[in-house]
Structures are given as structure tokens and as C-alpha cells.
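Encoded as C-alpha cells, the structure appears first; notes follow it.
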Amino acid sequence: MDPFPWQSEDGTYTGFIKVHLKLRRPVTVPAGIRPQSIYDAIKEVNLAATTDKRTSFYLPLDAIKQLHISSTTTVSEVIQGLLKKFMVVDNPQKFALFKRIHKDGQVLFQKLSVADCPLHLRLLAGPDTEVLSFVLKENETGEVEWDAFSIPELQNFLTILEKEEQDKLQQVQKKYNKFRQKLEEALRESQGKPG
């Protein structure tokens, strides 16, 4: 059987998919690294490997990135490609690709398997992004995968937890100090002794 005009002889094909980035947490990137040049892309220079310094920032919510992939490109490879484009050094397992579909007036998200091939799904669904679109989100497994975080991220979590703990302690102390003052006032009034 002859391949379709858009297929190569081995039956594979290439095309574009758009991925919406809906990340609520900051991502980690190398600090002080210039954006990748065309020369770096052609030579496949990994600028992130040139420094150990890291910084975190939030990607713009609902940014859209278009990727040129083949029919054999897996979800895992799409995630790695997106992270590389944005120079994100976080563990790819911290992220998941979802397909967003509209059904019965509702928007539904379904997590894709790392072995799924998004371009094949796009072809089956047709070009309408209302029927199917792809979204990169944090991988919400229910369990925190601590191994997926870098040492600076873990230290940042500890700093945040310590601050939250101090805030809670101050709230409790303030509450009981007010309670103590009211009790002492009530005792003084009941004994008829001023301050």
C-alpha cells in the first residue's frame, strides 16, 4: 500500500501541535544564561549545563508554544522538548501533558500517558482546537515526589514552611495573650482592685 502524500515511506509524518502552558508553580532555570542563539540550537549546545547557578520564576500563565514533531514523538519527548526550549532544568517527571476536550458544554482534562503520541491524537481529532488541545501542567500524582525537586527548591520549601510556622505561632500567642488580658481584667474587676 502506498503511503499518503503527507507520509514518509516508513509511514511516519510530521506536523505541528500547540501546547498551552498552565503552570501554577515556578520553574527552575540556569541563572545568568543568555537565551539560546540559532548557532547554539544548530550545534545542540546545552547552555543550562554551563552553570550550576539556578533561579526560579513563573512562566506566563497560558503561554502557548508551537512544536514541530513527528508522529512517533511521545508525550515524554514533548515535555522534554518544551523544558529545553524554555531552558527549564526541573525534572521532567514534575510535569504532565494533558489533552483538553470539550464535551457536553464542559471542559475536561485527561492526563496522557508518557508513551502517547500527541501528533497522532491531533490527526485523529482534526485541526479544531475546540475539539482537542494540549496543556502542560504540573504532574499532580497526589503524592509529593521529593526526588523530583532540586536541593535549592527543597531548601526554599523549608524556608516557606518555617515562615508559615512562625506566623501560626504568632497568631496563637496573640490569641492567648488577648485571652489572658481579658481574664486578668475580669479578675481585677471581680476583686474590686484597680490595675
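Working only within the stretch 60-87, note down all residues that are open to solvent by less than 20 Å² (accessible area, probe 1.4 Å) and either hydrophobic (A, V, I, L, M, F, W, C) or touching a Lys or Arg at 6+ places or on another chain (Cβ under 7 Å) (or both).
Those that are open to solvent by less than 20 Å² (accessible area, probe 1.4 Å) and either hydrophobic (A, V, I, L, M, F, W, C) or touching a Lys or Arg at 6+ places or on another chain (Cβ under 7 Å) (or both): 67, 69, 75, 78, 79, 82, 83.
Strands (runs of 3 or more DSSP E) wholly in the stretch 24-123 with at least 2 residues that are under 20 Å from residue 148 (Cα atoms), at pLDDT below 90 and within 18 Å of the chain's Cα centre (by Cα) - which ones?
Those strands (runs of 3 or more DSSP E) span 27-30, 54-57.
The values are calculated or read from the model by the stated rules, or taken from the named source; none is laboratory data. Predicted model only: the values in this text are computed from it and were never measured. All Cβ positions, even for glycine, are placed from backbone atoms using ideal geometry, and neighbour counts span all protein chains on display. Protein only, heavy atoms only, side chains kept; ligands, DNA and RNA dropped before computing areas. Shrake-Rupley method; radii C 1.70, N 1.55, O 1.52, S 1.80 Å.
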